[in-house]
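Worksheet: the structure to be examined is printed underneath.
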Amino acid sequence: MSVDLLRLRGLSLTYASGTRALDKVDLDVRDGEFLTLLGPSGCGKSTILRLVAGLLEPTGGTVERVRPATRGDTGFVFQEPTLMPWARIIDNVRLPLDLAGVPRAEAQDRAEDGLSRVGLGDFLQAFPAELSGGMKMRAALARALVTGPRLLLLDEPFAALDEITRLKLNDDLLALWERERFTTIFVTHSVFESVYLSGRIAIMGPRPGRVVDEVVVDLPWPRDLSVRTGAAYGALCRDVSDRLHRAMGVMP
């Protein structure tokens, strides 16, 4: 039986301007699952990630971590890679370990291993400007995973990439998740991406955001081209698309 890692209860956020970003979000996140938040732009998906990460404080409700969080227990990949342009890729990836006081030799080994896992083992000494958009995002993913987090938060990390690169990174991310089983909360507004990646999809309505529907994605693991081109995948995409359109019609 799955065990919850996070419980969001009545989670709300109203900005000082009076804008209500979230309104009483209730959501359980299970240990080791791949959960996607799907919804229209501006519905509060990214806000939920920031509240879970502790980058924002809610104005109502709670984020309960069932198991107490420890330093480095949460990794975050933003929409942009946010790499330091003056630092080599290995130094960018090693940064969280340096900040945590990990001995330099150990930190270096872990950073090199992390880059190898995302296919950048030959680019340790490169600068960000020398990498493609997809390679920069791989480096950002390696940096987020280098501390060995139990929880990985991804805020539309592949949205700006071309379709071929995006599909490849979808597969690479799933391979990492299947091997290491970190709990993943992935934000997207792509129905196709949400169905391919997820074990479960939480569909959000328009601002003020709240979860209005959930879909269990009953597709086989591992996911690959045969899954993506199969009839079951197409049917699920149509179902999720219909649910999303209904959710977008839900008004405050």
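Near Ala21, the amide H atoms lying under 5 Å from its own belong to Leu13, Thr14, Tyr15; only residues 5 or more places off or on other chains count, and H is placed 1.01 Å from N.
Assign one of three labels to region 171-252, namely rounded, prolate or oblate, based on the Cα gyration tensor with a ≥ b ≥ c the square roots of its eigenvalues; rounded applies when a/c is under 1.5, prolate when it is not and a/b is larger than b/c, and oblate otherwise. Intermediate results must be reported in sequence, preceding the final value.
On the way: a/c = 2.80, a/b = 1.54, b/c = 1.82.
Oblate is the answer for region 171-252, as a/c is 1.5 or above yet b/c matches or exceeds a/b.
Here is the tail figure for the chain: Cα pairs spaced more than 21 Å apart come to 59 percent of all pairs. Between the alpha-carbon centres of region 182-232 and region 1-77 there is a gap of 17 Å. Charge dipole of region 189-252 (Cα centre as origin; +1 on each Lys and Arg Cβ, -1 on each Asp and Glu Cβ, all else neutral): 180 debye, rounded to the nearest 20. Evaluating 6.51 cos²θ - 1.76 cosθ + 1.60 at θ = phi - 60° for every residue in region 34-39, the Karplus couplings come out as 10, 10, 10, 9, 10, x Hz, glycine and proline recorded as x. Across the chain, Cα pairs under 8 Å and at least six residues apart give a relative contact order of 26 percent.
Shown here are the Rg and Dmax of the Cα trace of region 135-178, at 10.4, 29 Å. Entry comment: accessible area of the chain is 46 Å² per residue, from protein heavy atoms only and a probe of 1.4 Å.
Taking Leu35, Leu124, Leu55 in turn, the Gaussian network model of the chain (Cα-Cα springs below 10 Å) assigns the largest fluctuation to Leu55.
Only protein atoms count toward the accessible area here, which uses a 1.4 Å probe; on the chain, the carbon and sulfur part of that area reaches 53 percent. Amide H to amide H, with H built 1.01 Å from N, Val77 comes under 5 Å of Leu153, Leu154, Asp155, counting only residues 5 or more places away or on other chains.
If you run the Gaussian network model on the chain, springs between alpha carbon atoms under 10 Å, then out of Ser241, Ser17, Ser198 the most flexible one is Ser17.
Within region 146-180, name every residue whose backbone N is under 19 Å away from a label modeled 7 Å from Cα of Asp224 along the Cβ vector. It comes to 167-180, nothing else.
Stretched out straight at 0.36 nm per residue, the stretch from Asp109 to Glu163 would grow longer than its current Cα-Cα span by 16.2 nm.
The helix-based estimate of mean residue ellipticity at 222 nm for the chain, built from -39,500 (n - 2.57) per DSSP H run of four or more residues and divided by its residue count, is -11500 deg cm²/dmol to the nearest 500. Sequence-ordered 3J(HN,Hα) estimates for region 110-120 from the Karplus curve with 6.51, -1.76 and 1.60 and θ = phi - 60° stand at 5, 5, 5, 5, x, 5, 5, 5, 9, x, 10 Hz, glycine and proline given as x. Based on the reciprocal of the average 1/r between different C-alpha atoms, the Kirkwood radius for region 87-166 equals 12.9 Å. Listed values for region 215-231 are Karplus-derived 3J(HN,Hα) couplings in whole Hz (6.51 cos²θ - 1.76 cosθ + 1.60, θ = phi - 60°), namely 10, 8, 8, 8, 10, x, 10, x, 7, 7, 4, 5, 6, 4, 9, x, 5, and x replaces Gly and Pro.
The values are calculated or read from the model by the stated rules, or taken from the named source; none is laboratory data. Owing to the predicted nature of the structure, the values given are computational and were not obtained by experimental measurement. Virtual Cβ from ideal backbone geometry, glycine too; neighbours counted across all protein chains shown. The accessibility values were calculated without ligands, DNA or RNA, using every heavy atom of the protein model including side chains. Shrake-Rupley method; radii C 1.70, N 1.55, O 1.52, S 1.80 Å.
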